[in-house]
Amino acid sequence: MKSFFLGCLIVMLITGCAKKKGENLLNIPITLEVYLTNHVKEVYYPSIEELSQNMVKLFYKTEPIERHPSFLKADFNGDNYPDYAFILPLKEKGKNKDSLFLIINSKKNTDKNQEITEDQYSFFYLGLNDSYKNDYLTLKEGSLIKNTEEGNVMTVTWDNKEKKYIKQESLK
């Protein structure tokens, strides 16, 4: 009987200490959090549970477990500072939820909690989706890719000459 309870305790400890899927979405710099709140109204961070579970399974076949499908941190424009891509659902208005696809470029290191300034970030609105539940973000060969469970793809690359993102949509 003692070994049964000890076994249950060990299982509970192991499962309690395991990383939760998608927890990195909440691990963004405070300066970015404030910038996002000030510039994008009526959005929230989606939970893993409200996303399409088929898409989540597909996403985690190739991506690290701590990454969230709706958030990606990488250097998209080659300036050696972290940039951030989001698919953020708008707060519910009726039955349908639209979502925003956006990128925020850092202009300086945002990993430290520093004084918040407007010139720290550049905001790029890349579109409005009719649903966020099937969409996920990945990085492949230096390009940001917004993919869906259905196979629709949008590749986003930085045009250094024009200082803007170029979108190319295609079907798989």
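Here is a list of conditions, (1) within 28 Å of L51 (Cα to Cα); (2) modelled with pLDDT of 90 or more, and K164 meets all of them except one; can you say which number that is? Just one mismatch for K164, condition (1). Candidates K146, K161: the one that is surrounded by 14 or more Cβ atoms within 10 Å (Cβ to Cβ) and either without any contact (Cβ under 8 Å) to a residue 12 or more places away in the chain or not in a loop (DSSP other than H, G, I, E, B) (or both) is K146. Does S170 qualify as being surrounded by fewer than 18 Cβ atoms within 10 Å (Cβ to Cβ), modelled with pLDDT under 85, in contact with a strand residue (DSSP E or B) (Cβ under 7 Å, 6 or more places away or on another chain) and not in a loop (DSSP other than H, G, I, E, B)? It is true that S170 is surrounded by fewer than 18 Cβ atoms within 10 Å (Cβ to Cβ), modelled with pLDDT under 85, in contact with a strand residue (DSSP E or B) (Cβ under 7 Å, 6 or more places away or on another chain) and not in a loop (DSSP other than H, G, I, E, B). Within the range 36-47, residues that are closer than 12 Å to F86 by Cβ have Cβ atoms under 6 Å from residues that are surrounded by 12 or more Cβ atoms within 10 Å (Cβ to Cβ) and of a type in the set (A, V, I, L, M) in these pairs: V43/L88; V43/L90; Y45/L25, counting only partners at least 6 apart in sequence or on another chain. Among what's in the range 56-95 and is in contact with a strand residue (DSSP E or B) (Cβ under 8 Å, 6 or more places away or on another chain) and of a type in the set (D, E), pick the residue that is farthest from T155 (Cα to Cα). For the range 56-95, the residue satisfying everything is D79.
The values are calculated or read from the model by the stated rules, or taken from the named source; none is laboratory data. None of the values given here were measured: they were computed from a predicted structure. Note: ideal-geometry Cβ built from the backbone for every residue, glycine included; neighbour counts use all protein chains shown.
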